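Single-structure report; data block below.
The values are calculated or read from the model by the stated rules, or taken from the named source; none is laboratory data. Just so it is clear, the structure is predicted and the values come from calculations on it, not from any experiment. Please note: Cβ atoms are built from the backbone with ideal geometry, for glycine as well, and neighbour counts cover all protein chains shown. With ligands, DNA and RNA removed, areas are computed over all heavy atoms of the protein, side chains included. Shrake-Rupley method; radii C 1.70, N 1.55, O 1.52, S 1.80 Å.
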Amino acid sequence: MSKVLVPLAKGFEEIEAISIIDILRRAEIDVMVASLDATVLVQGANGITVQTDFQVKDVSANELDMIVLPGGWDGTHALADDENVQRLLKEMDEKGKNIGAICAAPYALNKAGVLKEVYTCYPSVEEEIHKEGYQGDKSMVIEDKNVMTSRGPATAICFALAIVKKLQGEEMYSAIKSGVLATYC
């Protein structure tokens, strides 16, 4: 069974985090939801609180198939400043393991030095990243080597489905896509 870490920091974008967690779990992927510190309940950007299972510091790149960062500016900045998240991102990249980020979260990938040449993110975040290769609205999901990026809340289900396709294959992707009526992906 594939194992994916979704780290949450105060101010995360709820639609993105919950969509990713939900779609991946529907696809029988083991999703670990982790906080940056001992806080078990993490509040999102819109006041929705989510319970986490672990702390990021207790997770090893060796036990993961992928790490996926939800956006939200405050949450993204916290992920970009957290030494454990940054360490994990670098270790995952060194091992060639899958990394994903949506909305503002590619900013945290860039800070870790793992964002590849071609990427997308929430419009205007590319100005904070200061890196060429931004694809804007050319696609809901961009994949470059081992890194997948997506644009924002409205693309979260398509992003999660792309992760399912990568980790679980076409058959599971098609089944989940059909089951949630995501014909637009």
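Of all residues being of a type in the set (A, V, I, L, M, F, W, C) and assigned to a helix (DSSP H, G or I) in segment 49-74, which is nearest to G96 (Cα to Cα)? Just the residue, please.
This residue is A61.
Step by step: first the residues of segment 12-48, then only those that are touching a Leu at 6+ places or on another chain (Cβ under 9 Å), of a type in the set (A, V, I, L, M) and part of a loop (DSSP other than H, G, I, E, B), then the one that is farthest from A80 (Cα to Cα). Which residue is that?
Result: A27.
Contact list please: Cβ distance under 6 Å, first residue in segment 104-121 and crowded, with 22+ Cβ neighbours inside 10 Å, second residue of a type in the set (S, T, Y) and part of a loop (DSSP other than H, G, I, E, B), pairs at least six apart or on different chains.
A104/Y122
Scan segment 32-44 for residues that are over 18 Å from K57 (Cβ atoms) and open to solvent by less than 60 Å² (accessible area, probe 1.4 Å) and jot them down.
Residue satisfying the conditions is G44 alone.
Considering only residues that are closer than 11 Å to L8 by Cβ, open to solvent by less than 60 Å² (accessible area, probe 1.4 Å) and touching a residue at least 24 places away in the same chain (Cβ under 8 Å), which ones fall in segment 18-31?
In the first step, residues of segment 18-31 are kept if they are closer than 11 Å to L8 by Cβ; the result is 18, 20-21.
Restricting the remaining residues to those that are open to solvent by less than 60 Å² (accessible area, probe 1.4 Å) gives 20-21.
Listed by number, the list holds a single entry, I20.
Go through segment 75-103 and give me each residue that's within 18 Å of D37 (Cα to Cα), within 15 Å of the chain's Cα centre (by Cα) and open to solvent by 10 Å² or more (accessible area, probe 1.4 Å).
Matches in segment 75-103: H77, A78, Q86.
Among the residues of segment 119-138 satisfying the criterion of being in a loop (DSSP other than H, G, I, E, B), of a type outside the set (F, W, Y) and under 16 Å from the mean Cα position of the chain (by Cα), which is nearest to H77 (Cα to Cα)?
This residue is C121.
Mind counting the residues in segment 13-36 that are farther than 28 Å from E171 by Cα and either hydroxyl-bearing (S, T, Y) or at pLDDT below 95 (or both)?
Of the residues in that region, 1 qualify.
Does any residue of segment 92-103 turn out to be farther than 22 Å from E128 by Cβ and touching a residue at least 60 places away in the same chain (Cβ under 8 Å)?
Yes.
Looking at A182, is it part of a loop (DSSP other than H, G, I, E, B) and at pLDDT 95 or above?
yes
Mind listing whichever residues of segment 150-183 are of a type outside the set (S, T, N, Q), open to solvent by 40 Å² or more (accessible area, probe 1.4 Å) and more than 18 Å from the chain's Cα centre (by Cα)?
If the condition is that a residue be of a type outside the set (S, T, N, Q), open to solvent by 40 Å² or more (accessible area, probe 1.4 Å) and more than 18 Å from the chain's Cα centre (by Cα), then E170, E171, M172, A175, K177, G179, V180, L181 are the ones that fit.
Kindly indicate whether V56 is under 21 Å from T149 (Cβ atoms), of a type outside the set (F, W, Y), open to solvent by less than 10 Å² (accessible area, probe 1.4 Å) and within 12 Å of the chain's Cα centre (by Cα). Walk me through it before giving the result.
On the way: under 21 Å from T149 (Cβ atoms): yes; of a type outside the set (F, W, Y): yes; open to solvent by less than 10 Å² (accessible area, probe 1.4 Å): yes; within 12 Å of the chain's Cα centre (by Cα): no.
Taking the combined requirement at face value, the residue does not satisfy it.
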